[in-house]
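Bear in mind that the values in this text are calculations on the coordinates, not laboratory data. Note that this is a predicted model, so its numbers are computed, not measured. Positions of Cβ are generated from backbone atoms using ideal geometry, with glycine treated the same way; all protein chains shown enter the neighbour counts.
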């Protein structure tokens, strides 16, 4: 009888946990797709760039649509090849790409749930899932709403730690093979996403190396070989970029940025993170301490940039998302520990419910009210499609340099000038020239001839006898 009752209770608990996890997954997908209900196009300039790169790989392009130079893939090679494979198989249009971030967010919650389930327990796993579902997105740091490679960290950091910490019941050498492949994929997809995982694994390696336990020392040896092998194999991808990259020289007020971490992540979960950090620091678990120390390093990375204006291995803007993931791991323990308060009766559970509701009540409106770029509208999109379907593939299109970022992947044509991602004198000169031409109502015919421009797309007045409007805001250049 007792065994039967325990079995029934166990099944009910499992069913309850499954329902909660499903509800969290639904919430995450809603939050990451919500803003696209009224705007069915990518938001961020980075998203348009990644889609353009994927298409050019799938097409086997030789000329870069943005710069007119020989097409090169860049440091995010595996990321762009993955998107290219998706495009090659499914052929999504621009309005279908917007669902991909939700898919990534979905899997980030699954991997985080499984990792924390194995490391800390079911309750912590569910809380972690909720915190990951509520992660913020903004135009500077990125986040789950965007089609951006930094979101790979949300999926592959917990997945990598499952193997790195040997939390799965598989043969040990399989753990290290899978960990090697994950590290290599991240290093070839988005090195900043690999660095937090490497930090955790490196701290764990050091703890095991200096352990008196022979078994742990042996683990340290295999872990070291795995990490070093992945780094060595990835050197061809990022070495030249690292050696030639200019260090950032922008400074911000320290307190604004430190306060920004709390305000972005949420005041309540930030406070619970501190509680979780304190409680977990009392445990002598090497895996937990590796995560705790990594959270400190990531926070210090932001603080160091505030003071110096310099980013080295991990760019300041790409620190927040993996940091929020790691502090979600830690914070989940703090939330669950609140339930263990027993005096007065049931006070712990009541505090937990209030805190969880408070976290959700603050985070959901914050996520829903965040504003994003709207680079193009429906008229722009229709005109870009017209250019794609009615012009030769080797033409050059001049447009507003901001809209050009979206024009290239939609029209699949080379643009004269595009607003660069950072300081670039050569590209900014082209941007200046394009704006000057458009602001003078397209009257400079010699400019069109000298730069071999075939199509002008502009919503401004265009007064030039050599330009014929062939579609909405789309002008064909014909030299007299």
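Going by the structure shown, is residue 79 buried (at least 19 other Cβ atoms within 10 Å of the Cβ), touching a residue at least 60 places away in the same chain (Cβ under 8 Å) and closer than 29 Å to residue 238 by Cα?
So residue 79 fits the description; yes.
Would it be correct to say that residue 403 is more than 17 Å from residue 452 (Cβ to Cβ) and either in contact with a strand residue (DSSP E or B) (Cβ under 9 Å, 6 or more places away or on another chain) or without any contact (Cβ under 8 Å) to a residue 24 or more places away in the chain (or both)?
Yes.
Name the residues in segment 264-285 that are more than 26 Å from residue 138 (Cα to Cα) and out of contact with any helix residue (DSSP H, G or I) (no Cβ under 7 Å at 6 or more places or on another chain), would you?
Once the filter is applied, which keeps residues that are more than 26 Å from residue 138 (Cα to Cα) and out of contact with any helix residue (DSSP H, G or I) (no Cβ under 7 Å at 6 or more places or on another chain), segment 264-285 yields 278, 282, 283, 284, 285.
Could you go through segment 415-423 and let me know if any residue there is crowded, with 23+ Cβ neighbours inside 10 Å and not in a loop (DSSP other than H, G, I, E, B).
yes
Could you check how many residues of segment 424-458 are surrounded by 17 or more Cβ atoms within 10 Å (Cβ to Cβ) and assigned to a helix (DSSP H, G or I)?
Qualifying residue count, segment 424-458: 9.
For residues that are out of contact with any helix residue (DSSP H, G or I) (no Cβ under 7 Å at 6 or more places or on another chain) and under 9 Å from residue 445 (Cβ atoms), scanning just segment 463-480, find the one that is surrounded by the most Cβ atoms within 10 Å (Cβ to Cβ).
Filtering first and then ranking leaves 467.
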